[in-house]
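Have a look at the structure below before the remarks.
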Amino acid sequence: MLIDSHAHLNVRAFDDDRQDVIRRAREHGIGRIINIGFNRETIPGSIALAEQHDFIYSTVGWHPTDAAFMTADDLDWIESLCRHEKVVAIGEIGLDYYWDTSPKDVQMKVFREQIRLARKLGMPIVIHNRDAHQDIVQVLREEKAADVGGVMHCFSGSWETAKLCLDMNFYISFGGPITFKNARQPKEVLSRVPMERLLIETDAPYLTPHPFRGKRNESAHVKLVAEAAAEIKGISFDELAQVTTDNATKLFGLS
Ligand SMILES: [Zn+2]
Ligand SMILES: [Zn+2]
């Protein structure tokens, strides 16, 4: 069994064949999917998906690219949804300096507020980090995120950054990029992350692994990520599958 620790199966890219995509995931041995709700639009659909399928769970959070639009009501709304029995984490939250669609100080504020909420509720957090490594680490430290821990999703930073996150109680998750020939850094970081802190994900419909790169991603493809990760780690597929499944089960408190 494998767990896809980060997917967006409720977004529009799956509107025509969502149930087929979910069925294919089951057929490929994906035993659990953590689906990520990240703004006003996607959170209700993510929770609905978790309600419809036993093996799908949901997160709720406010993505940094939408930070400029988050209101105090939205934060209260997220807090109330955290009581839902299928909601397992707050996220994805963080900083995105690549798209730069919200001012940095606003992203920072929204990120901090949600870490505080996670600490208040004792829930793990799912971190989105794009070109913001230094500030991410600084905010996690200042807000004492180590108290709740969580996962650095689709990690793209250096080993130095990974090490700082590991020291703050975070898991490190890898996706499609580790299957790309020229992706030297994520492969190197993966080789050094301790097994007991390793997660795998698709981020479907984005970041499609080789040999489907360029096409829409889906949860069944987490198997390709697992195969690549096992090879980099120099262990069997079965061992990689077992450990990452145990890790995700523990982090998200799955049954
Ligand atoms: Zn993300
Ligand atoms: Zn995502």
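Every read-out reported here was derived from the displayed coordinates using simple, explicitly stated rules and does not represent laboratory data. What you see is a predicted model, and the numbers here were worked out from it, not measured in a lab. Cβ sites come from the backbone with ideal geometry, for glycine too, and all protein chains shown count toward neighbours.
Structure data summary
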item	result
Calculated SAXS-style log₁₀ I(q)/I(0) at q = 0.12, 0.14, 0.17 Å⁻¹ - the chain, Debye, Cα scatterers	-0.62, -0.88, -1.36
Built amide H within the under 5 Å cut-off of ARG32, gap 5+	LEU2, ASP4
Sparse-neighbourhood loop sites, GluC sites (Glu not before Pro) in segment 1-97 - DSSP loop, at most 10 other Cβ within 10 angstrom	GLU85
For HIS210, net neighbour charge (Lys/Arg +1, Asp/Glu -1) across residues whose Cβ lies under 14 Å away	+3
Gain upon complete extension [GLN242, GLN134; 0.36 nm per residue less C-alpha separation]	35.6 nm
Contour excess over end-to-end distance, with Cα ends at ARG23 and MET195 and 0.36 nm allotted per residue	59.0 nm
Long-range amide H partners of TYR171 with built H, under 5 Å	GLY150, VAL151, MET152
Added length on full extension, which subtracts the Cα-Cα distance from 0.36 nm per residue, ILE235 to GLN52	62.3 nm
Where labels lie 7 Å past Cα in the beta-carbon direction, separation of HIS210 and LYS120 in nm	4.6
